[in-house]
Amino acid sequence: MHWSLKKNMGSKSSKYILTCGCSFTDKDYEKHTYVKINYDPFPKWPELLGKKLNKPVKNIAISGASNDYIFRLLLSDILENHEKIETVIVAWSEWTRAHIYNGVIERFDKPRNSFNMSYLILHPESKKYKFDGHEFSKHYWAGKNYLDDVAESTLRNMHELQILCDKFNINLIQSQMLNVINPTVFDKKYEELVGGKEKWHYFLESLAFNKHLIEIKKETFIGWPGVRELGGNALDYFLSKEDRLNPVEGPLRDTHPNEKGHELLSKIYYNRYKELYL
Amino acid sequence: MQKYILASGCSYTDDNFTSLLYPDYDTSYDKWPSILGEKLELPVKNIARSGVGNDYIFNKTVEDISQNHENIELVVIGWTEAWRWCVFDYEYHNPMSAIMKKHKKRGGAGVQDYNVMSIPYYKHLFIDNLINSSPYKQSYLHRICAEDLFSKIITIQNLCKAFGIKIIMSTLCGCFNRSGMKTLLEALDMNSENYYYSVDSTAIALMESKNFYDVDKSTIIGWPFVDLLGGFEFNFGILTEQLRIGEGDGHPNKKGHELIADYYYEHYKKIYL
């Protein structure tokens, strides 16, 4: 398939590529990881992509970021520097993450800049925080409208980002990096807290009928709409065990991409960039 | 199509506001955005909603500007209490009202149960995360709130500038309510030492926060919000008792809304006419 959204690239030669996302994109992931293992720093996919395209890259991704926070980081940078930006590439994170007060460092048991309603359900330690994380998040999952707002929030961010890039004649590539919602929360084990598969199907329906869905240009979105049931994919699906830092179950497990994984991701972005803008 | 004024905010701006303490009080009078619209002879789209925090105000304003910028002449915003927050657009957290409700005080009227249920979390967030873990201690909360608000203000200012839209903002409900903050923190952590909020410490927290000097102050009524720095918030200093609904309900009455509209109109004339 070949999409051509080629714009006047001549004047864009000295501009930079702006990338944003969560830990899968964070250039300093090694510094921010909670897994007690030392990794030697290695280039992440934005840096590798920049080398392939021979273009400067500004990577503002932050580990733990929610999609709302990712959008705000991008919005702020685009509004301030739009004349210097050639392309925006965003790797959206889990949709159930939320942040408070401009992404202030939040501590449940570890530093983070967002809280994740799925994490609060799945993490056994969350009941032992100074507040009951299970109880706090249970309330959200129990409400029907919660999942409507989860869908609305990220789709709105995707749509607004597209409008903004169009306004400033900036190239755009969007992608869903992680599962939109961690599928484990819909397992039978958590049915009482979350609502089981029925809740997942409700979410899919909400997503499918959301007003922003038809507005987003699918050719600029890798794996659109990021959910397998609706014909899409998260980039995380493409990473095998060999592409991850330490996929073995246990306290040192870390499924973030290793050097090989980042190389693969950079190729995926490069191919889409080539199809759209070269 | 005639361009419109986009108005955004909390209950101080909400067209459908009703008093929870005085349910029989007639609040059908025009709110300040409508009065401003009459003065400027422009239609008004009021997306303000009672109970929301600055997150919601920001998100909904950015959404409307992004999608309808060609039809917007002027954006007017009345920012609200800085400690409110929401999870997506789903539920509005107001720790202060939760405390009021728990202690059966009047300010807790109409507060949803999940706010009260979340009090252990508020305590964790404010006391453990934001205060005890910071070298700035209690002033860190003001600093964080200021940084959050200033970053929202700058982003919306830049967005309006990019789309050629006029903008005027103020803090209506009181972003930096010192006595409120003190009450809230004492209620959340009764065993701690008393929290001390002086006007000096608040002013310093604001001035030392990121982005303070990047805000375009010309578009803001009352900048920089703290009296020591020559600013004001409508809820503290402008809205006298005669301009409010009644004891325990500080929302502006008809005259209060007229006064707020006058401020916005005068500011509009000053910078745009």
Before we go on, tell me the buried accessible area for the A/B pair, both chains summed, 1.4 Å probe, in Å² to the nearest 100. 3600
Nearest 10, in degrees from 0 to 90: the angle of helix A:144-167 to the longest Cα principal axis of chain A is 10
For region A:44-84, report the translational diffusion coefficient in µm²/s to the nearest whole number, using Stokes-Einstein at 25 °C, 0.890 mPa s, and a Kirkwood Rh over Cα pairs. 214
If you bin every alpha carbon distance in region B:168-273 into 5 Å steps from zero, what whole percent lands in each bin? 2, 11, 17, 20, 18, 15, 10, 4, 2, 1, 0
Of region B:142-163, those with amide N under 14 Å from the point 7 Å along the Cα→Cβ vector of A:Glu80 are B:148, B:150-159
Taking N as its residue count, the alpha carbon Rg of region A:198-237 over 2.2 N^0.38 Å: 1.18
Using a 1.4 Å probe, how large is the accessible area of A:Leu230, given in Å² and rounded to the nearest 10? 70
List the extent of the Cα atoms of region A:149-217 along each of their three principal axes, largest first, rounded to whole Å. 48, 22, 14
Residues whose placed amide H lies under 5 Å from that of A:Val88, excluding near-sequence neighbours: A:Leu18, A:Asn171, A:Leu172, A:Ile173
Can you tell me which of A:78-84, B:248-254 comes out highest on packing, and rank the rest after it, using the mean Cβ neighbours within 10 Å? B:248-254, A:78-84
Calculated P(r) tail over 17 Å for region B:1-123, as whole % of Cα pairs: 61
Just the Cα atoms of chain B, one point each, no solvent: what log10 I(q)/I(0) does Debye give at q = 0.07, 0.08, 0.11, 0.15 Å⁻¹? -0.24, -0.31, -0.61, -1.16
Once you average over the residues of A:152-164, how many Cβ atoms of partner chains fall within 10 Å of each Cβ? 3
How large is the Kirkwood hydrodynamic radius of chain A, counting all unique pairs of alpha carbons, in Å? 19.4
Can you give me the angle between helix B:54-68 and the longest principal axis of chain B, using Cα atoms only, in degrees from 0 to 90, rounded to the nearest 10? 20
What pairs from B:Lys39/B:Lys152; B:Lys39/B:Lys161; A:Lys138/A:Lys218 go past 31 Å between their alpha carbons? A:Lys138/A:Lys218
Translational diffusion coefficient (Stokes-Einstein; Kirkwood radius from C-alpha pairs) of region A:159-278 at 20 °C, 1.002 mPa s, in µm²/s: 130
Calculated Rg and Dmax of the protein assembly as shown using C-alpha coordinates, Å: 23.8, 71
Over 23 Å (Cα to Cα) among A:Lys211/A:Lys267; B:Lys217/B:Lys270; B:Lys217/B:Lys269; B:Lys101/B:Lys182; B:Lys3/B:Lys270; B:Lys60/B:Lys166 -> A:Lys211/A:Lys267
Amide H contacts under 5 Å for A:Arg244, restricted to residues at least 5 apart in sequence or on another chain and with H modeled in the peptide plane, are A:Asn258
Starting from the amide H of B:Gly231, placed 1.01 Å from N in the peptide plane, find each other amide H under 5 Å away whose residue is 5 or more places distant or on another chain. B:Phe225, B:Val226
For chain A, find the longest principal axis of its Cα atoms and tell me its angle to the long axis of helix A:259-277, 0 to 90°, nearest 10. 50
With Rh as the Kirkwood radius over Cα pairs, region B:198-247 has Rg/Rh of 1.07
Can you give the FRET efficiency to the nearest 0.05 for B:Lys166 and A:His123, using r as the Cβ-Cβ distance and R₀ = 45 Å? 0.40
Tell me the Rg and the Dmax, in Å, that the Cα atoms of region B:48-190 produce. 16.4, 52
Which value, in Å² rounded to 10, gives the accessible area of A:Arg253 with a 1.4 Å probe and all protein chains present? 100
Taking 60 Å as R0, compute the FRET efficiency from the Cβ-Cβ separation of B:Thr18 and A:Arg253 and round it to 0.05. 0.70
Counting only other chains, what is the mean number of Cβ atoms within 10 angstrom of the Cβ of each residue in peptide B:160-167? 1
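The values are calculated or read from the model by the stated rules, or taken from the named source; none is laboratory data. The structure presented is a predicted model; accordingly, all values stated were derived computationally and were not measured. Reconstructed Cβ throughout: ideal geometry from the backbone, glycine too, with neighbour counts over all protein chains shown. Surface accessibility is based on the protein's heavy atoms, side chains included, excluding ligands, DNA and RNA. Shrake-Rupley method; radii C 1.70, N 1.55, O 1.52, S 1.80 Å.
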